[in-house]
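These notes concern the structure reproduced below.
All of the numbers you see were taken from the coordinates with simple rules; none came from a lab. What you see is a predicted model, and the numbers here were worked out from it, not measured in a lab. Neighbour counts are summed over all protein chains in view; Cβ atoms, including those assigned to glycine, are modelled from backbone coordinates with ideal geometry.
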Amino acid sequence: MTPALYGISDLHIGYPENREIVAGMHPETGDDWLIVAGDVAETPADVEWALGTLADRYAKVIWAPGNHELWTTAHDSVTLRGQHRYDHLVRICRNLGVATPEDPYPIWTGPDGPVAVAPLFVLYDYSFRPAGTATKEEALEYAYGTGVVCSDEFVLHPDPYPTREAWCHARVEATERRLTATGLPTVLVNHFPLVREPTRVLRHPEFALWCGTERTADWHIRFRAAAVVYGHLHIPRTTWHDGVRFEEVSLGYPREWRIREAGPSRPRLVIPGAAS
């Protein structure tokens, strides 16, 4: 069989059913690569188990953090916050041989290659605002009024940055410099969608506030993306933007995948590219 690059996200292995799915996940060939686009789990111990299990099976595993990995909760023995928590997760990944946004971008040289597989970490900055709101403050007031507020507001700390959007902007600037220096076509991997359009189908549109930044809206064009891989929305599907294929690769919560006709999502094919 032909080696391939697959993607999945939002494994949420704190749920026993999802942990069982990850335990049973295997590549099609010994040369397959797997992208894991964030929200593996809330605790570093669970992240290490899941990524270690997959790294033992796939030829290469590439991880981009989600918001859940960055949560600091009362039941977690690791109390690190913000940048220090992210750095701790990067160290875990490196010990496992898993590529992170802090490492050289792995080069896929199989079918449809060569392509630089670029895991990103750029967060969000509250620029995906509800209609009728012009500022972060207005948008958050509206969201709180509807009762739709992401848990990040309480457990995702930006230390040492003053705000989550300041952390986001620092990450955007650093990531742009790295991508600009990349001469190859790319597969861009980010937990949050790089463009706003995929959030238009959310049941609660105000949740888009916690789903990305307008500053990445043209990255799929500027950085020659062969595909974009993301998660976070728990709406697995393929969409096209400016002729570029976007793959939402979420597994999601058991209550979500149980009602899908196809059942729980499996890793989605990223390369070789699927036809439109």
Only Cα pairs within less than 10 Å get springs; with that Gaussian network setup on the chain, which residue of ALA131, ALA55, ALA225 has the largest fluctuation? ALA131
If the elastic network links every pair of Cα atoms under 10 Å, which of ILE21, ILE13, ILE35 fluctuates the most in the Gaussian network model of the chain? ILE21
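Sequence gap at least 6, Cα distance under 8 Å: using those rules, report the relative contact order of the chain to the nearest whole percent. Spell out each step's value before the answer.
Values: 575 pairs, mean separation 61.6, N = 276.
That works out to 22 percent.
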Within a Gaussian network of the chain (alpha carbon springs, distance under 10 Å), most fluctuating of ASP56, ASP242, ASP76: ASP242
Starting from the Cα-Cα distance between GLU137 and TYR15, subtract it from 0.36 nm times their residue separation and give me the gain in nm to one decimal. 40.5 nm
Would you list CYS211, CYS93 from fewest to most Cβ contacts within 10 Å? CYS211, CYS93
Which one of PRO106, PHE154, ALA118 is farthest out on the positive end of the charge dipole of segment 69-193, using unit charges on Cβ (Lys, Arg +1; Asp, Glu -1) and the Cα centre as origin? PRO106
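Sorting PHE154, PHE121 on the 10 Å Cβ count, fewest up front, what's the list?
With the fewest neighbours first, PHE154, PHE121 line up as PHE154, PHE121.
Could you work out the helix-only [θ] at 222 nm for the chain, with each DSSP H run of four or more residues adding -39,500 (n - 2.57) and the total divided by the number of residues, to the nearest 500 deg cm²/dmol? Present the calculation step by step, with values, prior to reporting the outcome.
Working: 8 runs with 75 residues, N = 276.
Theoretical 222 nm ellipticity from helices: -8000 deg cm²/dmol.
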Equivalent ellipsoid dimensions for segment 65-196 as semi-axes, Å, which come from the Cα gyration tensor, largest first: 29, 21, 12
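Taking neighbour counts of Cβ atoms within 10 Å as a proxy for exposure, in what order, fewest first, do ILE62, ILE271 appear? Spell out each step's value before the answer.
On the way: ILE62 27, ILE271 22.
Placing the least packed residue first, the sequence is ILE271, ILE62.
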Segment 5-271 - Rg and Dmax from Cα coordinates, angstrom: 17.3, 51
